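**Q** Handing you this structure, nothing more for now.
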């Protein structure tokens, strides 16, 4: 069966240094799963938060499923993440440190189950972003020159 990527938060790798990643399950409604199968998901500006010892993903936009009548879901509701207690405690201890946050990187189906890859991250400063852009441009230019010289 394999992995089918639904949505990816591309801006996350530009704005943050990714330190560690986890795979979390999602507690979803039926109409949300059907909408995800159609790829109707947006991870931009979303983040992970703790509430009463549980993890929730906030600001993930899953569009309403058109064929679902009265049983439809709220597009940007808080969704519970499913992790082991030890993983949650480890993540919570690391997030309490100053400057660290937890963000979703990508959402995908793995063996029929909706999964969310979350990451422990530290925000990049403006000069870090400029440096990353310079490195990417140099790498791209080098690849173009080697292609032309063949």
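**Q** If you rank 32, 117, 131, 111 by fewest surrounding Cβ atoms within 10 Å, what's the result?
**A** Working: 32 26, 117 18, 131 12, 111 8.
By the 10 Å Cβ count, ascending: 111, 131, 117, 32.
**Q** Next question. At a threshold of 8 angstrom on Cα-Cα distance, excluding pairs fewer than six apart, so keeping six or more, what relative contact order does the chain reach in percent? Write out the running numbers ahead of the final one.
**A** On the way: 253 pairs, mean separation 49.2, N = 150.
Contact order relative to length: 33 percent.
**Q** Would you calculate a helix-derived [θ] at 222 nm for the chain, using -39,500 (n - 2.57) for each DSSP H run of n ≥ 4 and dividing by the full residue count, to the nearest 500?
**A** After summing the helix terms and dividing by residue count, I get -10000 deg cm²/dmol.
**Q** What's the Kirkwood radius of the stretch 69-110 in Å, using all Cα pairs? Please list the in-between numbers first.
**A** Working: mean 1/r = 0.0750 Å⁻¹.
Averaging 1/r across every pair of different Cα atoms and inverting gives 13.3 Å.
**Q** Turning to a different aspect of this structure: Can you sort 10, 85 from fewest to most other Cβ atoms within 10 Å of each residue's own Cβ?
**A** 85, 10
**Q** Between residue 101 and residue 61, what FRET efficiency comes out of the Förster formula 1/(1 + (r/R0)^6) with R0 = 22 Å and r the beta carbon distance, rounded to 0.05?
**A** 0.70
**Q** Neighbouring Cβ atoms within 10 Å as the yardstick, rank 101, 21 fewest first.
**A** 21, 101
**Q** Set the Förster distance to 30 Å, then compute FRET efficiency between residue 137 and residue 17 from the Cβ-Cβ distance, nearest 0.05.
**A** 0.95
**Q** OK, next. By the gyration tensor of its Cα atoms, with a ≥ b ≥ c the square roots of the eigenvalues, what is the shape of the stretch 87-150: rounded for a/c under 1.5, prolate for a/b over b/c, or oblate?
**A** oblate
**Q** For the chain, give the share of DSSP beta bridges that are antiparallel, in percent and rounded to the nearest 5; count only bridges with both residues there.
**A** Percent antiparallel among DSSP bridges in the chain is about 100.
**Q** Follow-up. Hey, quick one: spin label on residue 10, modelled 7 Å out along Cα-Cβ, who in the stretch 103-131 has an amide N within reach, i.e. under 20 Å?
**A** 103-109, 117-119, 124, 129-131
**Q** From largest to smallest, what semi-axes in whole angstrom does the chain give when each is the square root of 5 times an eigenvalue of its alpha carbon gyration tensor?
**A** So the three semi-axes of the chain are 31, 22, 14 Å.
Values quoted throughout were computed directly from the atomic coordinates according to the rules given, and no laboratory measurement underlies them. It should be emphasised that the depicted structure is a prediction, and the values quoted were computed from it without experimental measurement. As a convention, Cβ positions derive from the backbone with ideal geometry for all residues, glycine included, and neighbour counts pool all protein chains shown.
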